[in-house]
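To keep things clear, I will list the structure first and then write my remarks on it.
The values are calculated or read from the model by the stated rules, or taken from the named source; none is laboratory data. On a predicted model such as this, the values are computed, not experimentally measured, just so you know. Here the Cβ positions follow ideal geometry from the backbone for every residue, glycine too, while neighbour counts run over all protein chains shown. Heavy atoms of the whole protein, side chains included, go into the accessibility calculation; ligands, DNA and RNA do not. Shrake-Rupley method; radii C 1.70, N 1.55, O 1.52, S 1.80 Å.
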Amino acid sequence: MRIALLAAAGLLAAVLGSTGACADDGHAPNPPREKWSFAGMFGRFDQAQLQRGFQVYKEVCANCHSMKLVAFRNLSEEGGPGFSAAQVKALAETYSVKELDDSGSEKERPARPADRFPPPFPNDKAAAAANGGKAPPDFSVLAKARTYERGFPWFVFDALPFTGYSEQGVDYIHALLTGYEDAPKGFEMPGSGYYNKYYPGHVIAMPNPLSEGQITYPKNDKGEPVVPETVEQYSHDVAAFMAWAAEPHMMARKALGLRVILFLIVLAGLLYYVKKQVWKKVGGEVHGLQPELHKTY
């Protein structure tokens, strides 16, 4: 018993020691877990939050980040931000897209709802040249592409159907946008870059894009913002919008999954009932079938 306790204590010390070593090596800590309306089996997107998140993307993020897999019409589809068809049409007309005419020449025209969001740069090389040598990632699937390991025992619960957690990507995005700090004493910053607590290596090329009061949110009847105009709120809203952009049909998928689960439960009950009806005449007696196998001694 004592040997087992000593072994457990040694293992715990090794784990704690390795954790401390990682922190000393400059590895980023795991982002804090946030509360999201769309988390879990019954989660749903908050339309008002998606609209605010789109506003943050349009006014700030769209200057550098593309969103090539999202069309304007997606903004009016069920399960999304809930813009009307007229609003989407008016929004699309503020953008220009390029297409080929009958002679094969390239020309610009106002975007239509069926068009996808045009990128801010003509190509990746131009985007990289304007952003310190590296093109900003596309927003379309960024919330699914970014993740982190939560470690034992959380990864076990994350894989279960009723306690599963798949919002690591939006947790990371929110933490990244709120993680800009002054570099601690003794930390060597390169010639270019910014210190971020949650970015791997802590040096990120993107400057802090958000500041307090930067974006004016809709007002209520008293002329006050419906939510605080803070970096915390901005980052939370745009992260939620990015989650929708990466999976615009999430609510339909969850609704279908619940219907399938209910169907399987009913089917299992019917199969059990049929089995009882079919075999109830057999009973629990041997009825002469190999009685030697059922002798009692």
Unmet criterion (only one of (1) in a helix (DSSP H, G or I); (2) touching a His at 6+ places or on another chain (Cβ under 9 Å); (3) within 30 Å of A129 (Cβ to Cβ)) for H236: (3)
Flag if G151 is surrounded by fewer than 19 Cβ atoms within 10 Å (Cβ to Cβ), under 22 Å from the mean Cα position of the chain (by Cα) and among the small types (G, A, S): yes
Residue list for segment 33-61, restricted to those being more than 18 Å from A255 (Cα to Cα), open to solvent by 60 Å² or more (accessible area, probe 1.4 Å) and in a loop (DSSP other than H, G, I, E, B): R33, K35
Evaluation of A205 against (1) exposed (fewer than 13 other Cβ atoms within 10 Å of the Cβ); (2) touching a residue at least 60 places away in the same chain (Cβ under 8 Å); (3) farther than 26 Å from G82 by Cβ (one fails), failing number: (1)
Hits in segment 185-200 - residues which are at pLDDT 90 or above and open to solvent by less than 60 Å² (accessible area, probe 1.4 Å): Y195, N196, Y198
Residue in segment 209-229 that is nearest to the chain's Cα centre (by Cα), counting only those that are surrounded by 13 or more Cβ atoms within 10 Å (Cβ to Cβ) and of a type in the set (A, V, I, L, M): L210
Segment 230-270, residues that are among the acidic types (D, E) and buried (at least 21 other Cβ atoms within 10 Å of the Cβ): D237
K222 vs. criteria at pLDDT below 95, among the basic types (K, R), farther than 18 Å from Y172 by Cβ and out of contact with any Cys (no Cβ under 8 Å at 6 or more places or on another chain): yes
Check on A135, without any contact (Cβ under 8 Å) to a residue 60 or more places away in the chain and either under 16 Å from N63 (Cα atoms) or open to solvent by less than 70 Å² (accessible area, probe 1.4 Å) (or both): yes
Number of positions in segment 91-119 that are open to solvent by 50 Å² or more (accessible area, probe 1.4 Å), assigned to a loop (DSSP other than H, G, I, E, B), within 18 Å of S66 (Cα to Cα) and of a type outside the set (S, T, Y): 4
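Listed here are the residues, each with its yes/no results for (1) in contact (Cβ under 8 Å) with a residue 12 or more places away in the chain; (2) of a type in the set (A, V, I, L, M, F, W, C).
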| residue | (1), (2) |
| --- | --- |
| V97 | yes, yes |
| P120 | yes, no |
| P153 | no, no |
| E167 | yes, no |
| D182 | yes, no |
| S192 | yes, no |
Among (1) at pLDDT 95 or above; (2) assigned to a loop (DSSP other than H, G, I, E, B) - the single one E149 does not satisfy: (1)
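Keeping to segment 62-90, report how many residues are aliphatic (A, V, I, L, M) and either within 30 Å of K125 (Cβ to Cβ) or part of a loop (DSSP other than H, G, I, E, B) (or both).
Our first condition is that a residue be aliphatic (A, V, I, L, M); within segment 62-90, this holds for 62, 67, 69-71, 75, 85-86, 88, 90.
In the following step, the residues that additionally are either within 30 Å of K125 (Cβ to Cβ) or part of a loop (DSSP other than H, G, I, E, B) (or both) were identified as 62, 67, 69-71, 75.
Number satisfying all stated conditions: 6.
In this structure, does M206 turn out to be of a type outside the set (V, I, T), within 21 Å of the chain's Cα centre (by Cα), more than 22 Å from R33 (Cβ to Cβ) and in a loop (DSSP other than H, G, I, E, B)? Full working, then the answer.
Numbers: of a type outside the set (V, I, T): yes; within 21 Å of the chain's Cα centre (by Cα): yes; more than 22 Å from R33 (Cβ to Cβ): yes; in a loop (DSSP other than H, G, I, E, B): yes.
Yes.
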Residue identified as at pLDDT 95 or above and over 24 Å from the mean Cα position of the chain (by Cα) among A92, A71, A127: A92
Segment 172-184, subset farther than 18 Å from A239 by Cα and open to solvent by less than 80 Å² (accessible area, probe 1.4 Å), residue nearest to the chain's Cα centre (by Cα): A183
